[in-house]
Amino acid sequence: MKIFLVEERRDFIFTIRQELKSDYDEVYSLVKASFATTTYSDGTEADYLNAERTKSTFIPELSFVATTETGRIVGQILLYKTNITSQTKLVESLVLSPICVHPEYFHQGIARKMIEHALQKAKTMGYTSVFLCGDPEIYRKLGFRPSYEFGVFHKNDSDAEWCMARELSTNSLSTISGVIDIV
Ligand SMILES: CC(C)(COP(=O)(O)OP(=O)(O)OC[C@H]1O[C@@H](n2cnc3c(N)ncnc32)[C@H](O)[C@@H]1OP(=O)(O)O)[C@@H](O)C(=O)NCCC(=O)NCCS
């Protein structure tokens, strides 16, 4: 098993590693428990994740879990392939979805570390940008900005503050403008 990052916190140490097929059941329960704490959950996020793993857009190397010292899975993050549609071409990009942390471990920096780790790995694989739909209050703190600021507009709402993007290298979105269709 490849362990990528070991992070020491005041009370515990967590590890970020690639997700394995044998993790899927535990991750399913984690996603259910985590999203159940939100007001906007429709209860389908765990099934959505299962479905994403079956598609051609799935990249196993960009699906990670955070575990405690005992091996308990307390966080997950997935980046999968998407396209920005510009007037002349399709530009390959990534969607960050879903991400979650077990409620007992909120506000310990696990999501931040998982994002930094996953984006770094994506950059080494040649990807240049990541998009997501999410709460701007949270994701601005994590380096994302509304995608329209980069000239990439959500298909259904060109002013969407919640459709957010982050460049993986400086100005990597500066020569691209187009539309993105993500949930
Ligand atoms: C959102 C979530 C992944 C954050 O995980 P976390 O490990 O607690 O986040 P971190 O501790 O790494 O915090 C990262 C930053 O986000 C901020 N943040 C975290 N949760 C927040 C919240 N609910 N509201 C506002 N800001 C929040 C933190 O303050 C921190 O910023 P700071 O360092 O500038 O203070 C977690 O709350 C979760 O799993 N929620 C349920 C599932 C969910 O909503 N997933 C996201 C769907 S878009």
> Quick one: would you say Ile59 is within 22 Å of Thr124 (Cβ to Cβ) and surrounded by 13 or more Cβ atoms within 10 Å (Cβ to Cβ)?
Replying inline: yes
> When residues of the stretch 99-133 are filtered for being outside any helix (DSSP H, G or I), buried (at least 19 other Cβ atoms within 10 Å of the Cβ) and within 8 Å of the ligand (Cβ to nearest atom), how many remain?
Replying inline: 6
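Quick check on this structure: which one of Lys55, Lys32, Lys81 is assigned to a loop (DSSP other than H, G, I, E, B) and either among the charged types (D, E, K, R) or under 17 Å from the mean Cα position of the chain (by Cα) (or both)?
So the residue among Lys55, Lys32, Lys81 that is assigned to a loop (DSSP other than H, G, I, E, B) and either among the charged types (D, E, K, R) or under 17 Å from the mean Cα position of the chain (by Cα) (or both) is Lys55.
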> If you check every pair at least six apart or on different chains, which have Cβ atoms under 7 Å apart with a residue in the stretch 161-183 that is open to solvent by 70 Å² or more (accessible area, probe 1.4 Å) first and a residue that is basic (Lys, Arg) second?
Replying inline: Asp181/Lys155
> Tally time: how many residues in the stretch 69-98 are away from the ligand (no atom under 13 Å from the Cβ) and not aromatic (Phe, Trp, Tyr)?
Replying inline: 19
> Can you spot a residue in the stretch 38-46 that is loosely packed, with under 15 Cβ neighbours inside 10 Å, away from the ligand (no atom under 13 Å from the Cβ) and either among the aromatic types (Phe, Trp, Tyr) or modelled with pLDDT of 95 or more (or both)?
Replying inline: no
> Which pairs have Cβ atoms under 8 Å, sit 6 or more apart or on different chains, and link a residue in the stretch 112-129 that is under 15 Å from Val65 (Cα atoms) and in contact (Cβ under 8 Å) with a residue 12 or more places away in the chain to one that is open to solvent by 10 Å² or more (accessible area, probe 1.4 Å) and more than 16 Å from the ligand (Cβ to nearest atom)?
Replying inline: His117/Phe4; Leu119/Leu168; Lys121/Phe4; Lys121/Glu61
> Can you pull out the residues in the stretch 134-169 that are among the polar types (S, T, N, Q), more than 29 Å from Val6 (Cβ to Cβ) and not in a helix (DSSP H, G or I)?
Replying inline: Asn156, Ser158
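The values are calculated or read from the model by the stated rules, or taken from the named source; none is laboratory data. These figures come from a predicted structure and were not determined experimentally. For neighbour counting, all protein chains shown are included, and Cβ atoms are generated from backbone atoms with ideal geometry for every residue, glycine included. Note: accessible area is taken over every heavy atom of the protein model, side chains too, but ligands, DNA and RNA are not part of it. Shrake-Rupley method; radii C 1.70, N 1.55, O 1.52, S 1.80 Å.
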